[in-house]
Amino acid sequence: MDHFADRLRAAPQSRLQRSAAAEALGLAREFALRTQRVEDPSGEPREMPDAGMFAAADQITVAAHDLALVLKNEEELAEAVTLVAEAQKRAGV
């Protein structure tokens, strides 16, 4: 995940505008949702706001670290790693 975030930070604005920032935000939102489901299963999930394309790398970093704190086993970790790899590939960074 840190590699993906670093690649986003280094990406040109044109790449971020095409799809990279949207992919990163989608991943951050998915990670935030998964974290919320563990921390408060009966609570109403809140959507991570779109803080802009230049904040996307920071958003996935924060969301991924929050998720890492609540993961219960290796299977959940492997699934999160797969989600990062897929998002990075779609983002083209």
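No value in this document is a laboratory result; all are computed from the given coordinates. The structure displayed is predicted, hence computed values, not measured ones. Cβ atoms come from the backbone with ideal geometry, glycine included; neighbour counts cover every protein chain shown.
Considering (1) in contact (Cβ under 8 Å) with a residue 60 or more places away in the chain; (2) more than 13 Å from the chain's Cα centre (by Cα); (3) part of a helix (DSSP H, G or I), the lone condition that residue 93 does not fulfil carries the number (3).
Against the condition over 10 Å from the mean Cα position of the chain (by Cα) and crowded, with 18+ Cβ neighbours inside 10 Å, how does residue 20 come out, does it pass? Answer is yes for this residue. Please determine whether any residue of the stretch 66-89 is surrounded by fewer than 17 Cβ atoms within 10 Å (Cβ to Cβ), among the hydrophobic types (A, V, I, L, M, F, W, C) and under 9 Å from the mean Cα position of the chain (by Cα). No, every residue in the stretch 66-89 fails to be surrounded by fewer than 17 Cβ atoms within 10 Å (Cβ to Cβ), among the hydrophobic types (A, V, I, L, M, F, W, C) and under 9 Å from the mean Cα position of the chain (by Cα).
Within the stretch 56-81, residues that are free of Cβ contacts under 8 Å to residues at least 40 places away in the same chain sit with their Cβ atoms under 7 Å from residues that are in a helix (DSSP H, G or I) and loosely packed, with under 13 Cβ neighbours inside 10 Å, at 6+ positions apart or across chains, in these pairs: 70/39.
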